[in-house]
Amino acid sequence: MRRLIDLATAVPERKGARKEAKKEAFLSMVGGEAVAFYRSLLEILDFLGESTLAFARLFRGKSSFRRSDLTLLLQECGAQALPIVSLISLLVGLILAFVGAIQLKLFGAQVYVADIVAIGMVRVMGAIMTGIIMAGRTGAAFAAQIGTMQVNEEIDALKTMGIAPVDFLVLPRMIALIIMMPLLCIYADLMGILGGMVVGVGLLDINPIEYLNRTQETLTLTTVWIGLFHSAVFGVLVALSGCLRACSVAGALRTSGMRRHRPW
């Protein structure tokens, strides 16, 4: 061991042996970024096309995914997401009511806090906050699940058995989020209105019945439908983005042959 150590330390390291990494030229960097953007754009378009074809096969009754998987995904995207959706939506309702109350107190119009919270939550904030929560919670879980399957070569096994990976993996996740996102949005709206009522009743001394009456008079069916439409769109985007990010694990899904698989 001593002789090996002496041999290793016999020749000193030359100065400048470790060369510093050369700085990349500006044009080379811009060109590389442009090429990477072009390739990622092609990946996104390819993935969107495959997902659209998967929906077409679903409507034609030729899709291949297990109904038990869809049931499990509905539970994961719905019931198991209620605690975090409840907390965030309640806090957003509290914040909207508190911010509105500071301004409305100047005019003695505290009762209109109910209008601010109702319209803000039902039209925009309920869908947006639910989408953000599901993107961080469920979208990341989708990416991790499919990415792990890609690393373990389970995607290749599906193709070998003649099953389209998009149909089997992506389609049920999209359906689950499209179904559950509007329901979660309605629940988030209710929790936000409840949070606004806590501020209105506790800090502004508004009668609870009066608060609920103002909320009912303010909300229209058009406002509700706009929020539900937003939530359904966010559900599709979250499912697509989560599954698409899984493509970057150990090579894209299309690199594994997913784009060339045509079971029909």
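Every number in this text was worked out from the coordinates using simple rules, so none of it is lab data. Predicted, not measured: the structure shown is a model, and the values here were computed from it. Glycine gets a Cβ as well: all are built from the backbone with ideal geometry, and neighbour counts include every protein chain shown.
Specify the inter-centroid distance of the stretch 97-123 and the stretch 35-67, based on alpha-carbon positions, in whole Å.
Answer, in whole Å: 44.
Between Leu237 and Val198, what's the calculated FRET efficiency when r is the beta-carbon distance and R0 is 45 Å? Round to 0.05.
0.90
When the expected Rg is taken as 2.2 N^0.38 Å, what fraction or multiple of it is the alpha-carbon Rg of the stretch 22-124?
Output field value: 1.91.
Name the residue from Val233, Leu171, Cys77 whose Cα lies farthest towards the positive end of the charge dipole of the chain, charges +1 on Cβ of Lys and Arg and -1 on Cβ of Asp and Glu.
Leu171
Between Arg245 and Ile5, with labels modelled 7 Å along Cα→Cβ, what's the label distance in nm to one decimal, could you check?
4.9 nm
So what's Rg/Rh here for the stretch 67-260, counting alpha carbon atoms and using the Kirkwood radius for Rh?
For the stretch 67-260, the value is 1.14.
Using only DSSP helix segments of four residues or longer, with each worth -39500 (n - 2.57), what per-residue ellipticity at 222 nm results for the chain after dividing by its residue count and rounding to 500?
-23000 deg cm²/dmol
Taking the 0 to 90 degree range and rounding to the nearest ten, how far is the long axis of helix 67-77 tilted relative to the main principal axis of the chain, both from C-alpha atoms?
The answer is roughly 70 degrees.
Take Ile5, Ile133 and order them by how many other Cβ atoms sit within 10 Å, fewest up front.
In order of increasing Cβ crowding within 10 Å: Ile5, Ile133.
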